[in-house]
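A short write-up of the structure that comes next.
The values are calculated or read from the model by the stated rules, or taken from the named source; none is laboratory data. Quantities reported herein were computed from a predicted structural model and do not represent experimental measurements. Counting neighbours? That spans all protein chains shown, and the Cβs are built from the backbone with ideal geometry, glycine included.
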Amino acid sequence: MNRVSNLSRRTKAGACAAIVLVLSSWVCATAEGIRYKPVSREVVEARLEKYAGNNKQRETTLKQIFTEAGCDDQHFSEQAVKGSKLPNVICILPGTSDRVIIVGARFDRVSEGDGVVDNWSGASLLPSLYESIKLESRKHTYIFIGFTDEEQGEVGSRFYARQMSNEQVAATDAMVNMDTLGLASAEVWASHSDKLLVGALAYTASN
């Protein structure tokens, strides 16, 4: 468990980076500043420590954590994925418009090792990000997704993207993917990211 505890502070820093990127760019940046309810380090660490088990158990755990964070049956769903025995885990946080931001992380792991960093560090933060903004008014609808079978060739995320209608694609303003947090400072794969989002992150980090 020491390994998990050592990761918790850096993982929370990664969560903060994701929150800043998403919130400052789209949700509720105002003259008063960015509004969100911080999730305590103890809660983030406790969720990170629930990494144990095979992929099916991790899928069940992620669903339980979303429930604890307040994602009810009306907004929670499991998307059956062709080519996988496990579903994508989805929690929707409605906004006041039809514009959408997707926040994703994969919950599966390879058989070797425990898969704490890669990528329970990202998946276990999805409910915390949901919890941090669920009580604030927001323009965008947020779709939080735990993707299945990424280690088998990005099965879950590819399936989700291919099932999106043209209208859903057009309504999506951004996708933030969290993977392998807590190893070092937050990084952005700028060459594969939206230039406006990268610029917003750089601006926020410099102020």
Being of a type in the set (Val, Ile, Thr) and over 12 Å from the mean Cα position of the chain (by Cα) is the filter; apply it to the range 85-113 and report the residue that is surrounded by the most Cβ atoms within 10 Å (Cβ to Cβ).
VAL100
Exception for LYS85 within (1) at pLDDT 95 or above; (2) touching a Gly at 6+ places or on another chain (Cβ under 9 Å) falls at (2)
Within the range 197-207, restricting attention to residues that are within 17 Å of ILE101 (Cβ to Cβ) and free of Cβ contacts under 8 Å to residues at least 40 places away in the same chain, which residue is surrounded by the most Cβ atoms within 10 Å (Cβ to Cβ)?
VAL198
Restricting attention to the range 152-177, report how many residues are touching a helix residue (DSSP H, G or I) at 6+ places or on another chain (Cβ under 8 Å) and either of a type in the set (Gly, Ala, Ser) or over 18 Å from ILE101 (Cβ atoms) (or both).
3
Among residues of the range 63-90, those that are within 15 Å of GLY156 (Cα to Cα) and of a type outside the set (Asp, Glu), counted
13
Residue pairs within 7 Å by beta carbon, gap of at least six or interchain, first lying in the range 29-42 and surrounded by 12 or more Cβ atoms within 10 Å (Cβ to Cβ) and assigned to a loop (DSSP other than H, G, I, E, B), second at pLDDT 80 or above and of a type in the set (S, T, N, Q), listed first then second, are TYR36/SER132; PRO38/SER132; VAL39/SER128; VAL39/SER132
